[in-house]
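Below is one structure; the comments refer to it alone.
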Amino acid sequence: LDHRTVDAIVPGEQQPEADHKFQNNGSTSDRQENKTYRTVRRNGSFSYDLYTDGNEKLSLCLGFWGNESGQYGRQRGLDVLIDGTLFLSETDFANNGREEIVRKEYPIDETTVKGKDKIRITFQPKEGCMFPKIFDIRFLK
């Protein structure tokens, strides 16, 4: 995974967040299994600048906790925006019982990246859902 990584953030760690121009609107960070994560309360969001390093064929890779389910009858879900435009809505956080970080990869259309040295990625809860814990954010080539 590291050899494919163009840029990476460990949410909740001060220096990586500062390096990526972290903006916070109602998110919190904590630790689980000695790893930091960030999550969002209802109507909140957080965002970072991720750097493309001149690459146009990129995927967004997100690390979630493998044994996480919703609470109070609400499923987990998130929306991800790229430069203010909805990129993906995800609700597939099935409780697979794995007590570890599980990564999912989402290809980014080349026209979204072309000619840009950085992209603003914003995370917010999907309507009616609880936001999952995000442990790892990467651009992969």
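Calculated FRET efficiency, H3 to L86, Cβ-Cβ distance, R0 = 35 Å: about 0.70 to the nearest 0.05.
Over all distinct alpha-carbon pairs, what is the Kirkwood Rh of the chain in angstrom? Please list the in-between numbers first.
Details: mean 1/r = 0.0658 Å⁻¹.
Across the chain, the inverse of the average 1/r is 15.2 Å.
Here's how it looks for K133: its modeled amide H is under 5 Å from those of W65, which are all 5 or more places away or on a different chain. Under a Cβ-Cβ cut-off of 15 Å, what is the net charge of the residues other than L86 that fall near it, where Lys and Arg count +1 and Asp and Glu count -1? The answer is -3.
Dipole magnitude for the chain: computed about the Cα centre from +1 point charges on Lys and Arg Cβ and -1 point charges on Asp and Glu Cβ, it is near 280 debye.
With r defined as the distance between the Cβ atoms of A18 and R41 and R0 fixed at 22 Å, what FRET efficiency is calculated, to the nearest 0.05? Before the final figure, lay out each step's value.
Working: r = 22 Å, r/R0 = 1.00.
According to the calculation, E is roughly 0.50.
Whole-Hz Karplus values for region 110-116 come out as 4, 5, 6, 9, 3, x, 10 Hz, taken residue by residue from phi with 6.51 cos²θ - 1.76 cosθ + 1.60 and θ = phi - 60°; glycine and proline positions read x. Of the peptides 57-67, 31-41, the order by per-residue mean of other Cβ atoms within 10 Å, starting with the highest, comes out as 57-67, 31-41. For region 1-65, the share of alpha carbon pairs falling in successive 10 Å distance bins from zero is 18, 49, 29, 4 percent.
Just so you know, all these numbers are worked out from the coordinates, no wet-lab data involved. It should be emphasised that the depicted structure is a prediction, and the values quoted were computed from it without experimental measurement. Positions of Cβ are generated from backbone atoms using ideal geometry, with glycine treated the same way; all protein chains shown enter the neighbour counts.
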